[in-house]
Amino acid sequence: MINVTKTFLPPQVEYQEILKRAWSTGWMTNRGVLVKQLESDLKDVLSVTNIIAMTNGTLPLQIAIKALKLKGEIITTPFSYVATTSSIVWEGCTPVYVDIHPEYLTIDETKIEAAITPNTSAILATHVFGNPCNIDVIQTIADKYGLKVIYDAAHCFGVTYKGKSIFEYGDVSTCSFHATKLFHTGEGGALFCKPEYYNDMFYHHNFGHDGPEAFQGLGINAKMSEPQAAMGLAVLPYIEEIMQTRNSAVELYDELLKYSAVKKLKIRENTIWNNSYYPIIFNSEEELLQVQKSMNLQNIYPRRYFYPSLNCLPYINGDDCKISESISARILCLPLWACMERNTILQISKFLI
Ligand SMILES: *Cc1c(COP(=O)(O)O)cnc(C)c1O
């Protein structure tokens, strides 16, 4: 069976070697040596100023909304994974959808101002598939109206924009280290923020604890555990290989699908992309369903990332987003993973040429 992705697994002995350090301390969570080392290694690898490792990539979004004390309406993208919207709703705010750019697939920054009301408190946008939003324009709008900016950068491990880690932009950025993502800890994630927010975010992710007996406000438990960090530390030495082999796989797809009718993602200028996904856009949903069906018959399972458009979720009363709804119905992510075999890519591409 060929799935949309395959989790990169380091040699098991290497994972076990790292776990021995947790055994020797008898310390399984509460920011042990492994979590601290993972944070420090990631700071170096990603060139970021600060990071808080967390237990998944959703809680950092909710913590960001909570800690920045956002209220009322949050302007967001309809084209993302459901966690982008559910975090807003879970925190008692109202998502206001702004349609996406038809080629970059990120929020259309030219339509943001029209959606701002006196109740708007923030913009929460996704660098979807690792493709940066128009960060400069979004920041200018946020400054003009006094809004906070959060980026759901779940797909962005290793992406740089204008020579800087993409996690360095906005008030807060979040990443997911879920097993389906480029870099993973099984379940896991991280929050990156401006230095002035660091302490507050940190307290929020650990029940508000400031030492064993003092509390700095409300918190939740979003701590990463030692076994999770061990997985990250075992995967990290392979990150170059993961990035390079994904890049080769994407180049091969590009070459094979050069004359195909499907459209591909347009990567924003000044970006070093991470080849995190291989989305293709069909001319119609019928074509997509037909290709998906023939692939499934051969045990190939691409995924409809992201469907449905989030403004159409059953618990959302959103306005229409014509472009996002149309793209969502026609976009399919082809199987892609690190060290993917050339033959597998050939086999998959045959359905499209
Ligand atoms: C994967 C993902 C998340 C959630 O991350 P988890 O680690 O699974 O909680 C959030 N946003 C986007 C865009 C994602 O793809």
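Please give the calculated 222 nm ellipticity per residue for the chain, where each DSSP H segment of at least 4 residues contributes -39500 (n - 2.57) and the sum is spread over every residue; nearest 500 deg cm²/dmol?
-10500 deg cm²/dmol
If R₀ is 35 angstrom, what is the calculated FRET efficiency for the pair Y301 and V89, using the beta carbon separation as r and rounding to 0.05?
Calculated transfer efficiency: 0.75.
Roughly to the nearest percent, how much of the accessible area of the chain is carbon and sulfur, given a 1.4 Å probe?
For the chain, the apolar C and S fraction of the accessible surface comes to 52 percent.
For K293, which aspartates and glutamates qualify as cross-link partners when the Cα separation must be under 18 Å and same-chain residues fewer than eight apart are set aside?
E285
Suppose every K and R has +1 on its Cβ and every D and E has -1 on its Cβ; what is the size of the dipole of the chain about the Cα centre, in Debye to the nearest 20?
I would put it at about 460 debye.
Mind checking the alpha-carbon convex hull of segment 238-349 and giving the volume per residue in Å³?
So the per-residue Cα hull volume is 145 Å³.
Which chymotrypsin sites (Phe, Trp or Tyr not before Pro) in segment 198-270 sit in a loop by DSSP (not H, G, I, E or B) and have at most 10 other Cβ atoms within 10 Å of their own Cβ?
Y259
Explain nothing, just the number: relative contact order of segment 2-236, from Cα pairs under 8 Å at least 6 residues apart, as a whole percent.
Relative contact order here is 27 percent.
Measuring from label point to label point, each 7 Å out along Cα→Cβ, what is the S24 to L289 span in nm?
Modelled inter-label distance: 5.9 nm.
Which distance in nm do the two modelled labels at D44 and T180 give, with both placed 7 Å along the Cα-to-Cβ direction?
The modelled label-to-label distance comes out at 3.2 nm.
Using a cut-off of 17 Å between alpha-carbon atoms, which aspartates and glutamates can reach K71, once sequence neighbours fewer than 8 places away in the same chain are excluded?
Partners found: E91, D171.
Name the trypsin sites (Lys or Arg not before Pro) in segment 36-127 that are in a loop by DSSP and that have at most 16 other C-beta atoms within 10 Å, would you?
K69, K71
Going from most exposed to least, what order do M231, M224 have by accessible area with a 1.4 Å probe?
M231, M224
What aspartates and glutamates does K20 reach when the alpha-carbon gap must be under 18 Å and sequence neighbours fewer than 8 apart in one chain are set aside?
The qualifying aspartates and glutamates are E226.
Out of A249, L236, T271, whose Cα points farthest toward the positive end of the dipole of segment 231-277 (charges: +1 Lys, Arg; -1 Asp, Glu; placed on Cβ)?
T271
Accessible area per residue, 1.4 Å probe, Å², for segment 238-349: what's the number?
51
Just going by the charge dipole of the chain, with Lys and Arg at +1 and Asp and Glu at -1 on Cβ, which of I107, L334, Y315 is farthest out on the positive end?
L334
Charges at C-beta only: +1 for Lys and Arg, -1 for Asp and Glu. How large is the resulting dipole of segment 238-349 about its Cα centre, in Debye rounded to 20?
Dipole of segment 238-349, to the nearest 20 debye: 100 debye.
The values are calculated or read from the model by the stated rules, or taken from the named source; none is laboratory data. A quick note: this is a predicted structure, and the numbers were derived from the prediction, not measured. Virtual Cβ from ideal backbone geometry, glycine too; neighbours counted across all protein chains shown. Note: areas computed on protein heavy atoms with side chains; ligands, DNA, RNA excluded. Shrake-Rupley method; radii C 1.70, N 1.55, O 1.52, S 1.80 Å.
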